[in-house]
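Have a look at the structure below before the remarks.
The values are calculated or read from the model by the stated rules, or taken from the named source; none is laboratory data. Since this is a predicted model, take the numbers as computed values, not measurements. Neighbour counts are summed over all protein chains in view; Cβ atoms, including those assigned to glycine, are modelled from backbone coordinates with ideal geometry. All accessible areas refer to the heavy atoms of the entire protein, side chains included, with ligands and DNA or RNA removed. Shrake-Rupley method; radii C 1.70, N 1.55, O 1.52, S 1.80 Å.
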Amino acid sequence: MKLFQILLFCLLSSGLLFAQDSQTTNETQTTSPEVSVEEQTLSAVKKLIGFIRYKKNDKAIALIHVGKFSEKLLGDHKISTAERKEFEEAISEYIINKAFPIALKYFDKIDITYDKPAVNGKQARIGSSILYKGSDQIKFAWILSESEGAWYVSDFETEGKLATEINRTKNIEPSIKKNGIKGTISLIQKAAKN
């Protein structure tokens with residue numbers, strides 16, 4: 001359980017944003033030539049926050065690229081296609097059941113300040129901050145990836161570190177060494193349900 005308490009803490013401090021497989025594009029943004037890439041990336045983040053605030057988890061998860069996030073969490077571990085799919089599903093379930101409710105506490109009725117998006121090819125970074133409980137300024141950044149013409153949140157940065165790096169080295173890798181990939185998936189599934 002400690003493995004996922006740490007994961008939850010990292011997600012909490014990072015806004016709980018992960019990545020979704022691009023198969024669920026029915027709720028994604030449509031790009032148009034009149035809208036700049038910077039506006040598209042910022043729009044994706046603002047939509048995500050809106051969906052979390054209104055508890056529209058199915059629409060929120062569609063703006064996260066769980067596939068890319070899971071790939072970063074797994075690092076160099078070689079797993080089968082079926083295990084990868086099961087891992088991604090477990091991460092999605094965890095995000096919806098654990099991460100989104102915590103993110104709601106951070107983002108509900110709190111204005112987020114956004115820096116100008118920095119776009120580099122198919123990657124973007126949007127620095128942000130919130131004033132939490134009126135006095136604690138929390139700075140973080142959204143990491144986005146472009147896939148099939150749409151932008152998705154694919155990671156989160158806090159204090160100069162990516163959520164995927166923190167979670168991979170502190171949680172996922174030790175769990176895979178101790179429990180194997182099946183055991184790690186099982187632990188994520190259990191944590192998502194509790």
* Structure fact -> In whole percent, the fraction of accessible protein surface over the stretch 81-194 that belongs to carbon or sulfur atoms, probe radius 1.4 Å, stands at 47 percent
* Structure fact -> Cross-link reach from Lys72 to lysines, straight Cα distance under 18 Å and at least 8 residues apart if same chain, gives Lys85, Lys122, Lys161, Lys170, Lys177, Lys182
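How large is the dipole of the stretch 47-171 about the Cα centre if only Lys and Arg carry +1 and Asp and Glu carry -1, each at its Cβ, rounded to the nearest 20 debye? Spell out each step's value before the answer.
On the way: 21 positive and 18 negative charges, 66 e Å.
Dipole about the Cα centre, nearest 20: 320 debye.
Give me the tail of P(r) for the stretch 37-122 as a percent: Cα-Cα pairs with distance above 17 Å. Walk me through the numbers on the way to the answer.
Details: 2068 of 3655 pairs.
Everything past 17 Å amounts to 57 percent.
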* **the stretch 125-194, accessible area per residue, ligands and nucleic acids excluded (1.4 Å, Å²)** => 48 Å²
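Pop the C-beta distance of Asp58 and Ser135 into the FRET formula with R0 = 35 Å and round what comes out to the nearest 0.05.
Numbers: r = 35 Å, r/R0 = 0.99.
Efficiency for this residue pair is about 0.50.
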